[in-house]
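Some notes on the structure that comes next.
The values are calculated or read from the model by the stated rules, or taken from the named source; none is laboratory data. Remember, it's a predicted structure, so these values are computed and weren't measured experimentally. No Cβ is skipped: glycine too gets one built from the backbone with ideal geometry, and neighbour counts run over all protein chains shown. What goes into the accessible areas is simple: the full protein's heavy atoms, side chains included, and nothing from ligands, DNA or RNA. Shrake-Rupley method; radii C 1.70, N 1.55, O 1.52, S 1.80 Å.
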Amino acid sequence: MSTESTTNTDIFQLLSQFDHQKIAFCNDEKIGLKAIITIHDTTLGPAIGGTRILEYKTEQEVIKDSLRLSKAMTYKSAITGVNLGGGNAVIIGNNSIIKSESLLRRFGQFVNELNGTYITSLDIGTTPRDMEIIKMETPHVAGLPASVGGSGDSSPFTAKSVYYGIKAGIKEMFGNDSLAGRTILVQGSGQVGADLVSLLRRENAKVYVSDIVVDRMVYVANQYGAEVVQANNIYNMDVDVYAPCALGGTLNDDTIPKLKCKIIAGSANNQLKDEDRNGRMLLERGILYAPDYLINAGGLISCYSELAGYSNSRTLELAENIYEATRSVIQKSKLEQISAHQAANRIAEDRINSIKIINNHRRL
Ligand code: NAD
């Protein structure tokens, strides 16, 4: 990995550009640990964010990615209504080569030095078991296995939050939120997609499912009574809802003009290839868009619930808030004629700014 491209000035420029509070560099040569922890904002509460173990081409890329992800977590926490801020951590390297108990525990010690301003959780290359190991050195961890009181697999909650996002969109478009007879295309029949198909079919929606892995798609369709569609030609399907639950960037200059759906609501991260332009295109076409980072917040919600002593019923209760939050975003988008993504950002910023004011009073 190249180290030459990042100078001190670059780092401070990046911190200002992404408007961050803190970046911590963690280094232990004996253990082979090189990591960074970024904290974007702690106005609403401690900064939460996953730890990813990943190789990058340059150090600049690591820093930029971590700053981008921690800022995104600030917005996600704010719009979801939980009392958490945004953070992120990256342990640099190949997961299958560098991961060891000592590396994870040493990393846990660095997390602990931040005195609870950063809470770590799962991301690419880390598992609930890894969180259990990190917890040997710090209490500031979420995403532990269910067997030790953690929230375990978050995908059922992500599916649930997407389900509430879909219902909010249907309510706005049709005046009631019944799913019976509504046509819904679920792109991706993985962990979230399969659970979502199950939830939608329970309310008698007509569900189409597509995946590039044919066996999985057929299995999920048969299991829940959905219909399969070929993955290559789905964007012009005349359905009420398109639920992207596979990959990012599917809402772009190429696909948006083809869309015949009325609502878009799914779990995939970064669905809008260009947030501003493509978000605006959806608004102009009159397609309701439930912002991805709001309605896929089931994982964040289950971690939040875990921090207060995990309870399944509390997590489901918190996931239900996604319904009203999505409606508020859609209404603001309509009223102010701004994209739904922009409306969500503004609601998140307003919440942070208003709590900043009361926090200042508390410190006086
Ligand atoms: P997954 O890997 O279990 O499932 C993704 C599925 O999409 C796979 O079956 C894959 O074959 C399919 N796929 C890939 N490319 C496709 C294409 N071009 N057309 C159709 N299908 C395609 O992942 P998941 O955990 O179900 O997550 C789904 C999406 O939601 C991902 O983008 C993920 O980042 C996002 N997400 C997941 C969670 C969670 O809790 N799991 C939380 C937030 C966001």
Candidate set from segment 233-263 (those that are closer than 20 Å to LEU200 by Cβ and among the hydroxyl-bearing types (Ser, Thr, Tyr)); member that is surrounded by the most Cβ atoms within 10 Å (Cβ to Cβ): TYR242
Residue that is nearest to LEU272 (Cα to Cα) [pool: residues in segment 310-326 that are open to solvent by less than 50 Å² (accessible area, probe 1.4 Å) and in contact (Cβ under 8 Å) with a residue 24 or more places away in the chain]: THR326
All helices (runs of 4 or more DSSP H) inside segment 219-317 with 1 or more residues being over 19 Å from the mean Cα position of the chain (by Cα): 275-284
Qualifying positions in segment 324-364 - assigned to a loop (DSSP other than H, G, I, E, B) and among the aliphatic types (A, V, I, L, M): ILE338, LEU364
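Residue-by-condition table, conditions (1) in a loop (DSSP other than H, G, I, E, B); (2) within 13 Å of the ligand (Cβ to nearest atom); (3) surrounded by fewer than 24 Cβ atoms within 10 Å (Cβ to Cβ); (4) of a type outside the set (Lys, Arg):
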site: PRO139; (1), (2), (3), (4): yes, no, yes, yes
site: GLY143; (1), (2), (3), (4): yes, yes, no, yes
site: ASP153; (1), (2), (3), (4): yes, yes, yes, yes
site: SER161; (1), (2), (3), (4): no, yes, no, yes
site: ILE166; (1), (2), (3), (4): no, no, no, yes
site: ASP177; (1), (2), (3), (4): yes, no, yes, yes
site: GLY181; (1), (2), (3), (4): yes, no, yes, yes
Cross-chain or 6+ apart pairs with Cβ under 8 Å, segment 132-159 first and of a type in the set (Ser, Thr, Tyr), then more than 15 Å from the ligand (Cβ to nearest atom) and part of a helix (DSSP H, G or I): THR138/GLY108; THR138/GLN109; THR138/VAL111; THR138/ASN112
Criterion (touching a Gly at 6+ places or on another chain (Cβ under 8 Å), of a type in the set (Phe, Trp, Tyr) and within 25 Å of LEU69 (Cβ to Cβ)) met by exactly one of TYR304, TYR293, TYR289: TYR289
Any chance VAL218 is open to solvent by 40 Å² or more (accessible area, probe 1.4 Å), touching a strand residue (DSSP E or B) at 6+ places or on another chain (Cβ under 8 Å) and free of Cβ contacts under 8 Å to residues at least 12 places away in the same chain: yes
Hey, VAL228 farther than 18 Å from LEU288 by Cβ, in contact with a helix residue (DSSP H, G or I) (Cβ under 8 Å, 6 or more places away or on another chain) and open to solvent by less than 20 Å² (accessible area, probe 1.4 Å) or not: no
Residue list for segment 259-298, filter: within 16 Å of the ligand (Cβ to nearest atom) and among the small types (Gly, Ala, Ser): ALA265, GLY266, SER267, ALA268, ALA290, ALA297, GLY298
Exclusive hit being assigned to a loop (DSSP other than H, G, I, E, B), in the same structural domain as LYS260 (by TED's automatic domain parsing) and in contact with a helix residue (DSSP H, G or I) (Cβ under 9 Å, 6 or more places away or on another chain), set SER189, SER198: SER189
Among (1) free of Cβ contacts under 8 Å to residues at least 60 places away in the same chain; (2) among the hydrophobic types (A, V, I, L, M, F, W, C); (3) open to solvent by 10 Å² or more (accessible area, probe 1.4 Å) - the single one LEU300 does not satisfy: (1)
